[in-house]
Amino acid sequence: MCGIVGLFLKKDELRPQLGDLLTDMLITMTDRGPDSAGIAIYGDEGGTLKMTVQSDTPATSFAGLDAALSAALGAPVTMRVIDTHAVLTLPEGSDAAARSWLAERGIRVMGSGHAMEIFKEVGLPRDVAARFGIRGMGGSHGIGHTRMATESAVTTLGAHPFSTGADQCLVHNGSLSNHNQMRRVLTAKGFAPQTQNDTEVAACYISSRLAEGASLGAALEGTLEDLDGFFTFVVGTRTGFGVVRDPIACKPAVMAETEDYVAFGSEYRAFAKLPGIDTARVWEPEPATVYFWER
Amino acid sequence: MQTIDMAVTPLRDLNATLQTQAGQTNQTAWVIENPRGAHALAVGLDAPIEVTVKGSTGYYCAGMNKQATVHVTGSAGPGVAENMMSGTVVIEGDASQYAGATGHGGLLVIKGNAASRCGISMKGIDIVVHGNVGHMSAFMAQSGNLVVCGDAGDALGDSLYEARLFVRGSVKSLGADCIEKEMRPEHLEILRDLLARAGAEARPEEFRRYGSARQLYNFHVDHAGAY
């Protein structure tokens, strides 16, 4: 099972509603997976690097974090704490330094980039969305996932979306069967997954291909060659939104497009509250076919 | 005409109402509003009623249908008309995977495209798809007719028994034990009737017929003692 939703806006008018629309879409998919839920949202860019971090003990871990990290990096750092997560703004080029500093303090990095913020936790979509105030978040595009765990433990780090590159995220419905072998290949290339989760391997694979200079379309095509198993992937980048299904295409997928947006759902139910859905073009993405939209 | 609004009526109440319509009912026309992709909509019907679903449906719409005519004005999710026994199901839009699976009878019309595994293990149902069908359609199909006015995907009719497959467009590949067969007058007649009943504007002569080579399964009388 697992439920996926995605919304890519073509026009700016709906930007303030992005979080609200995505939240309703994701809650509708709750019975496809009640273990954990997460959303990646591509919001306003402030011209600085954003990093979403997580701690199981936010009260102590985040106390004075901005000042301490600022001192360590020698540049200003701001912090916005939201429940177990915090969004840090960092100076350009400080991603690696900040990650190693945070790792020493046991603080987990959910993702980083200029537009993307990621919020994910164990629990139902309704509860996770409420904890992070997803409804109030605006942006250009976003991806959500509600998980029925198969390949790794039900933990915050095992929740989707997975981000393994700047402004990149991936969600997955299915299970991969060659992820251990691919994990070794990717580790040798310097793209070591942090968890035992199969989906993170797919995210690392796409990040590695992009780092090699492949377009997102080519990287998604590569999943059909190099990844074995069942998958419907939805990916986000700073400006793009892509979908690919494995050739067998057991995992359900439906898409809708209007002049205002492109939407993805594991089921049509996820679209029921979208504006203009009654006149949208609705179709099922073809197996082994890459779909991609860019702003 | 009765109207049921799913924005206010729960799915189970709706299905229970439709399922209790007897053969002699005078309430023959029903309209379902706001389906919003709900699963298992209008399933298990067993009366000559006409149900129009205004919108798109989720999994298993019109499953196990007997006698009833179910018309979906939008698209249908996976498993539409699964195990249908009789009656008619019409989908104006597309149908997701395994449409008409295991159907024993009746007519399923998909005016858009059908995804993968359309008519898998069909056992007597007639399926007419105005558009294309995806891969593995009519897998292990036993009897009935699958008519595809567009193209068919990979492995059409894999491990086919005695269902007849008619395709107007291209076939990406044939599955194991599925071969093209001669189109004889009786097949043109079957096709003409199905196309007319499905409202498909196509001429029977434009189609090719595919069927089982009967090499994979053998109920050969000489082997009767071995079964």
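With respect to B:LYS54, is the statement that it is within 23 Å of B:ILE110 (Cβ to Cβ) and either within 14 Å of chain A (Cβ to nearest Cβ) or of a type in the set (Gly, Ala, Ser) (or both) true? So that I can check it myself, show each step before the final result.
Working: within 23 Å of B:ILE110 (Cβ to Cβ): yes; either within 14 Å of chain A (Cβ to nearest Cβ) or of a type in the set (Gly, Ala, Ser) (or both): yes.
Yes.
May I ask you to verify whether A:GLY222 is surrounded by fewer than 19 Cβ atoms within 10 Å (Cβ to Cβ) and out of contact with any strand residue (DSSP E or B) (no Cβ under 7 Å at 6 or more places or on another chain)?
Numbers: surrounded by fewer than 19 Cβ atoms within 10 Å (Cβ to Cβ): yes; out of contact with any strand residue (DSSP E or B) (no Cβ under 7 Å at 6 or more places or on another chain): yes.
Answer is yes for this residue.
Can you pull out the residues in the stretch B:77-105 that are within 13 Å of chain A (Cβ to nearest Cβ) and among the hydroxyl-bearing types (Ser, Thr, Tyr)? Full working, then the answer.
As a first pass, look at the stretch B:77-105 and keep what is within 13 Å of chain A (Cβ to nearest Cβ): B:77-80, B:91-99.
Once the filter is applied, which keeps residues that are within 13 Å of chain A (Cβ to nearest Cβ) and among the hydroxyl-bearing types (Ser, Thr, Tyr), the stretch B:77-105 yields B:SER96, B:TYR98.
Any chance the stretch A:163-175 includes a residue that's over 21 Å from A:MET51 (Cα atoms), in contact with a Ser or Thr (Cβ under 7 Å, 6 or more places away or on another chain) and of a type in the set (D, E, K, R)?
So in the stretch A:163-175, the residues over 21 Å from A:MET51 (Cα atoms) come out as A:172-175.
Within this subset, residues satisfying the condition of being in contact with a Ser or Thr (Cβ under 7 Å, 6 or more places away or on another chain) are A:172-175.
Pick out the ones that are also of a type in the set (D, E, K, R) and you get none.
No.
Tell me the residue from A:ASN197, A:ASN178 that is crowded, with 24+ Cβ neighbours inside 10 Å, at negative phi and either charged (D, E, K, R) or not assigned by TED's automatic domain parsing to the domain that holds A:ILE107 (or both), please.
Details: A:ASN178 fails: crowded, with 24+ Cβ neighbours inside 10 Å.
Matching residue, one of A:ASN197, A:ASN178: A:ASN197.
Select from the stretch B:127-136 the residues that are in a loop (DSSP other than H, G, I, E, B) and closer than 21 Å to B:PRO204 by Cα and list them in ascending order.
The first filter runs over the stretch B:127-136 and keeps only residues in a loop (DSSP other than H, G, I, E, B), leaving B:130-132, B:134-136.
B:HIS130, B:GLY131, B:ASN132, listed by residue number.
Across the stretch A:259-275, what is the total count of residues that are more than 7 Å from chain B (Cβ to nearest Cβ), within 25 Å of B:GLY131 (Cα to Cα) and out of contact with any strand residue (DSSP E or B) (no Cβ under 8 Å at 6 or more places or on another chain)?
Summing the residues that are more than 7 Å from chain B (Cβ to nearest Cβ), within 25 Å of B:GLY131 (Cα to Cα) and out of contact with any strand residue (DSSP E or B) (no Cβ under 8 Å at 6 or more places or on another chain) in the stretch A:259-275 gives 1.
Check whether at least one residue in the stretch A:242-260 is of a type in the set (Lys, Arg), surrounded by fewer than 24 Cβ atoms within 10 Å (Cβ to Cβ) and in contact with a Gly (Cβ under 6 Å, 6 or more places away or on another chain), and report yes or no.
If we filter the stretch A:242-260 for residues that are of a type in the set (Lys, Arg), which is where we start, we get A:245, A:251.
Applying the additional criterion that residues be surrounded by fewer than 24 Cβ atoms within 10 Å (Cβ to Cβ) yields A:251.
Next, from what is left, pick out any that are in contact with a Gly (Cβ under 6 Å, 6 or more places away or on another chain): A:251.
Checked the stretch A:242-260: at least one residue is of a type in the set (Lys, Arg), surrounded by fewer than 24 Cβ atoms within 10 Å (Cβ to Cβ) and in contact with a Gly (Cβ under 6 Å, 6 or more places away or on another chain).
Looking only at residues that are in a strand (DSSP E or B) and farther than 22 Å from A:ASP12 by Cα in the stretch A:244-258, which one is farthest from the other protein chains (Cβ to nearest Cβ)? Write out each step before concluding.
At the first step, the residues of the stretch A:244-258 found to be in a strand (DSSP E or B) are A:244-245, A:254-257.
Right, trim to farther than 22 Å from A:ASP12 by Cα and you get A:244-245, A:254.
Values: A:VAL244: 15, A:ARG245: 10, A:VAL254: 7 Å.
Result: A:VAL244.
Identify, please: which residue in the stretch A:276-295 is within 8 Å of chain B (Cβ to nearest Cβ) and surrounded by 17 or more Cβ atoms within 10 Å (Cβ to Cβ) and is, among those, nearest to A:THR223 (Cα to Cα)?
Pass one, the stretch A:276-295, residues within 8 Å of chain B (Cβ to nearest Cβ): A:278, A:282-284, A:286-287.
Pick out the ones that are also surrounded by 17 or more Cβ atoms within 10 Å (Cβ to Cβ) and you get A:282-284, A:286-287.
Numbers: A:VAL282: 25, A:TRP283: 22, A:GLU284: 19, A:GLU286: 15, A:PRO287: 12 Å.
Result: A:PRO287.
Determine if the stretch A:99-108 includes at least one residue that is touching a Phe, Trp or Tyr at 6+ places or on another chain (Cβ under 6 Å) and more than 14 Å from A:THR156 (Cα to Cα). Step through it out loud before you land on a result.
The initial filter retains those residues of the stretch A:99-108 that are touching a Phe, Trp or Tyr at 6+ places or on another chain (Cβ under 6 Å), namely none.
For the stretch A:99-108, residues touching a Phe, Trp or Tyr at 6+ places or on another chain (Cβ under 6 Å) and more than 14 Å from A:THR156 (Cα to Cα): absent.
In the stretch A:12-107, which strands (runs of 3 or more DSSP E) lie fully inside it and hold 1 or more residues that are farther than 26 Å from A:LEU170 by Cβ and in contact with a helix residue (DSSP H, G or I) (Cβ under 9 Å, 6 or more places away or on another chain)? Before you say what the answer is, go through the steps one by one.
Details: elements: A:36-42, A:49-54, A:78-82, A:85-90.
Per the criteria, A:78-82.
A:LEU14 - would you say it is hydrophobic (A, V, I, L, M, F, W, C) and in the same structural domain as A:THR237 (by TED's automatic domain parsing)? Quick ask: steps written out before the conclusion?
Working: hydrophobic (A, V, I, L, M, F, W, C): yes; in the same structural domain as A:THR237 (by TED's automatic domain parsing): yes.
Yes.
A:LEU170: of a type in the set (A, V, I, L, M), closer than 22 Å to A:VAL254 by Cβ and either surrounded by 19 or more Cβ atoms within 10 Å (Cβ to Cβ) or more than 11 Å from the chain's Cα centre (by Cα) (or both), yes or no? Quick ask: steps written out before the conclusion?
Values: of a type in the set (A, V, I, L, M): yes; closer than 22 Å to A:VAL254 by Cβ: yes; either surrounded by 19 or more Cβ atoms within 10 Å (Cβ to Cβ) or more than 11 Å from the chain's Cα centre (by Cα) (or both): yes.
Yes, satisfied.
Could you list, in sequence order, all residues of the stretch B:119-149 that are within 14 Å of chain A (Cβ to nearest Cβ) and over 18 Å from B:ASP177 (Cα atoms)?
Residues of the stretch B:119-149 that are within 14 Å of chain A (Cβ to nearest Cβ), as a first pass: B:120, B:129, B:131-137, B:139.
The answer is B:VAL129, B:GLY131, B:ASN132, B:VAL133, B:GLY134.
I'd like the residue in the stretch A:49-67 that is in contact with an Asp or Glu (Cβ under 9 Å, 6 or more places away or on another chain) and touching a residue at least 60 places away in the same chain (Cβ under 8 Å) and, out of all such residues, is surrounded by the fewest Cβ atoms within 10 Å (Cβ to Cβ). Spell out how you get there, then give the answer.
Just the residues of the stretch A:49-67 that are in contact with an Asp or Glu (Cβ under 9 Å, 6 or more places away or on another chain), to begin with: A:49-52, A:54, A:58.
Checking which are touching a residue at least 60 places away in the same chain (Cβ under 8 Å) leaves us with A:49-52, A:54.
Numbers: A:LEU49: 18, A:LYS50: 23, A:MET51: 27, A:THR52: 24, A:GLN54: 21.
Here the residue is A:LEU49.
Which ones in the stretch B:56-75 are among the hydroxyl-bearing types (Ser, Thr, Tyr) and either within 15 Å of B:ALA101 (Cα to Cα) or more than 13 Å from the chain's Cα centre (by Cα) (or both)? Reasoning before the result, please.
Of the residues in the stretch B:56-75, the ones among the hydroxyl-bearing types (Ser, Thr, Tyr) are B:56-57, B:59-60, B:69, B:73, B:75.
Correct list: B:SER56, B:THR57, B:TYR59, B:TYR60, B:THR73, B:SER75.
In the stretch B:6-24, what residues are more than 14 Å from every other protein chain (Cβ to nearest Cβ) and either under 21 Å from B:GLU92 (Cβ atoms) or surrounded by 13 or more Cβ atoms within 10 Å (Cβ to Cβ) (or both)?
Applying the first criterion (more than 14 Å from every other protein chain (Cβ to nearest Cβ)) to the stretch B:6-24 yields B:8-10, B:12-24.
Answer for the stretch B:6-24, where residues must be more than 14 Å from every other protein chain (Cβ to nearest Cβ) and either under 21 Å from B:GLU92 (Cβ atoms) or surrounded by 13 or more Cβ atoms within 10 Å (Cβ to Cβ) (or both): B:THR9, B:LEU14, B:ASN15, B:THR17, B:LEU18, B:GLN19, B:GLN21.
This table checks each residue for (1) touching a residue at least 60 places away in the same chain (Cβ under 8 Å); (2) out of contact with any Asp or Glu (no Cβ under 7 Å at 6 or more places or on another chain); (3) basic (Lys, Arg); (4) crowded, with 19+ Cβ neighbours inside 10 Å.
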| residue | (1), (2), (3), (4) |
| --- | --- |
| A:LEU69 | no, yes, no, yes |
| A:ILE107 | no, yes, no, yes |
| A:LYS120 | yes, yes, yes, yes |
| A:MET137 | yes, yes, no, yes |
| A:GLY142 | yes, yes, no, yes |
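For the structure I just gave you, tell me whether B:PRO35 is closer than 19 Å to B:MET136 by Cβ and either within 14 Å of chain A (Cβ to nearest Cβ) or over 10 Å from the mean Cα position of the chain (by Cα) (or both). Spell out the reasoning first.
Working: closer than 19 Å to B:MET136 by Cβ: no; either within 14 Å of chain A (Cβ to nearest Cβ) or over 10 Å from the mean Cα position of the chain (by Cα) (or both): yes.
Judged against the criteria, B:PRO35 is not a match.
The values are calculated or read from the model by the stated rules, or taken from the named source; none is laboratory data. Bear in mind that the values here come from a model prediction, so they are computed numbers and not experimental data. Note that each Cβ is placed from the backbone with ideal geometry, even for glycine, and that neighbours are counted across all protein chains shown.
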